[in-house]
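Novice: Pasting a structure below so you can have a look.
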Amino acid sequence: MKDIGELIVKLKRVKRRDYKGTVYNFHCTPDENYFLNGILVHNCYKSNTSVGHNMPVETFKCIFNKLPHTVGQIAFGIGDLDGHPDLWEILWYCRENDYNPNVAPNITINGARLTDRDAGLLAELCGALAVSNYGPDICYPAVEKITGQGMKQVNIHQILSEESFDTCMQLMKDSKTDPRLEKLGAIVFLLLKPKGSRNKMTPLRDLEKWKQLSQYAFDNGVSIGFDSCSSPWFLDSIASHPNFETIAMSVEPCESACFSAYINVDGFFVPCSFCEGTLKDWGTGLDVANCNDFITDIWYHERTKLFRQALIEKKKGGDFHCPVFNI
Ligand code: SF4
């Protein structure tokens, strides 16, 4: 289905299913992201470049049909919307297939050159969407355009680092004053991971700044979320909050390979996107596209079990920090 006109005609027949599923430990519907009280429990980011390759749509369908039926969301990352020639077919397949019709596709975009037509398609097909913040002139009009299509869960993804701290604060202020962000769902802060040769930033490790960030959000009613990698810092930053216990219930520390899985464009599994090429003994990861059975060959593979067990033991000991990176 490469014809966008054909897709638009079919979209007129899309109806949101009345599905109640469980994502992590929360209930949600395919039209929603996994927020509770405005706090996000998991999100990944990945630094995309214009150089690289895509997962073919045939491989995507093959993998989709091997995943367990308990899968409720698939999160896609793309820069420019024309970065993958079969993007619409892939998103459409999540919604209309005979294997697991309860999957909500979510997507992160860069917001550049977003047309009304594409905003409409995204709003129709995706349960939630995030625009990475590449500056107010690109990000804010994109948010306005998609929320204008009636989509409710439209968020902004903002890298949190020492260097971007002021941008994070400004973004929160803008969310309360800039009319283009009037219908914004939440600002989701993604803690910088010290990885990649292009990265010149450092993770935010100043607790006072964390407190400043959280306090500003609470004081000004800014809806915020964090990736699960941020959870120990966020929890420390609100330790003296009168509703700490309630807020903490909606914070899920790292759950890679426990509630979520990362599969790269070549169809290989690693616990999270940042683990790719970093985890000792994992090589290129586990081959999902060519596995016989996802549960036995991937989910209960010896390496996955060891990673999961180590993570669970660490968390039982009260250490919620990333098991892989010093963040
Ligand atoms: S392993 Fe580390 S980087 Fe990956 S999701 Fe967990 S906390 Fe984040």
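Bear in mind these aren't lab numbers, they're just calculated from the coordinates by the rules spelled out. Everything quoted here is computed from the prediction, not taken from an experiment. As a convention, Cβ positions derive from the backbone with ideal geometry for all residues, glycine included, and neighbour counts pool all protein chains shown.
Novice: Just name the residue that is surrounded by the most Cβ atoms within 10 Å (Cβ to Cβ) out of those in the range 240-269 that are in contact with a Lys or Arg (Cβ under 9 Å, 6 or more places away or on another chain) and of a type in the set (A, V, I, L, M, F, W, C).
Specialist: The residue in question is 257.
Novice: Only one of these conditions is not met by residue 199: (1) crowded, with 16+ Cβ neighbours inside 10 Å; (2) within 16 Å of the ligand (Cβ to nearest atom); (3) not in a helix (DSSP H, G or I). Which number is it?
Specialist: With (1) crowded, with 16+ Cβ neighbours inside 10 Å; (2) within 16 Å of the ligand (Cβ to nearest atom); (3) not in a helix (DSSP H, G or I) applied to residue 199, the lone miss is (1).
Novice: Between a first residue in the range 218-239 that is in contact (Cβ under 8 Å) with a residue 24 or more places away in the chain and a second residue that is of a type in the set (S, T, N, Q) and within 11 Å of the ligand (Cβ to nearest atom), which pairs have beta carbons less than 9 Å apart while being 6 or more apart in sequence or on different chains?
Specialist: Taking only residues 6 or more apart or on different chains, the pairs are 225/43; 226/43; 227/43; 228/43; 228/256; 228/260; 229/43.
Novice: Sticking with this one: Residue 223: away from the ligand (no atom under 16 Å from the Cβ), polar (S, T, N, Q) and under 18 Å from the mean Cα position of the chain (by Cα), yes or no? Reasoning before the result, please.
Specialist: Values: away from the ligand (no atom under 16 Å from the Cβ): yes; polar (S, T, N, Q): yes; under 18 Å from the mean Cα position of the chain (by Cα): yes.
For residue 223, the condition - away from the ligand (no atom under 16 Å from the Cβ), polar (S, T, N, Q) and under 18 Å from the mean Cα position of the chain (by Cα) - is met.
Novice: Are there any strands (runs of 3 or more DSSP E) wholly within the range 99-183 with 3 or more residues that are in contact (Cβ under 8 Å) with a residue 40 or more places away in the chain and within 30 Å of residue 204 (Cα to Cα), and if so which?
Specialist: It comes to 128-132, 154-160.
Novice: Could you grab me the full set of residues in the range 281-327 that are among the polar types (S, T, N, Q), more than 12 Å from the ligand (Cβ to nearest atom) and under 30 Å from residue 248 (Cα atoms)? Break it down stepwise before answering.
Specialist: Initially, the range 281-327 is screened for residues among the polar types (S, T, N, Q), giving 284, 290, 292, 296, 304, 309, 326.
Still in the list and also more than 12 Å from the ligand (Cβ to nearest atom): 284, 290, 292, 296, 304, 309.
Hits for the range 281-327 are 304, 309.
Novice: Okay, moving on. Could you please find all residues in the range 270-280 being crowded, with 20+ Cβ neighbours inside 10 Å and either among the aliphatic types (A, V, I, L, M) or more than 12 Å from the ligand (Cβ to nearest atom) (or both)?
Specialist: If the condition is that a residue be crowded, with 20+ Cβ neighbours inside 10 Å and either among the aliphatic types (A, V, I, L, M) or more than 12 Å from the ligand (Cβ to nearest atom) (or both), then 270 is the only one that fits.
Novice: Mind checking which pairs have a first residue in the range 275-292 that is within 14 Å of residue 324 (Cβ to Cβ) and aliphatic (A, V, I, L, M) and a second that is assigned to a loop (DSSP other than H, G, I, E, B) and within 13 Å of the ligand (Cβ to nearest atom), Cβ under 7 Å, 6 or more apart or different chains?
Specialist: Short answer, once both residue conditions are applied: 279/324.
Novice: While we're looking at this one, here's another question. For a quick check of your reading of the model, give me the residue pairs whose first member lies in the range 62-88 and is within 17 Å of residue 299 (Cβ to Cβ), whose second is of a type in the set (Ser, Thr, Tyr) and crowded, with 19+ Cβ neighbours inside 10 Å, with beta-carbon atoms closer than 7 Å and at least 6 apart or on different chains.
Specialist: 64/93
Novice: Let me spell it out: the conditions are (1) over 20 Å from residue 222 (Cβ atoms); (2) touching a helix residue (DSSP H, G or I) at 6+ places or on another chain (Cβ under 6 Å), and residue 165 meets all of them except one. Which number is the exception?
Specialist: (1)
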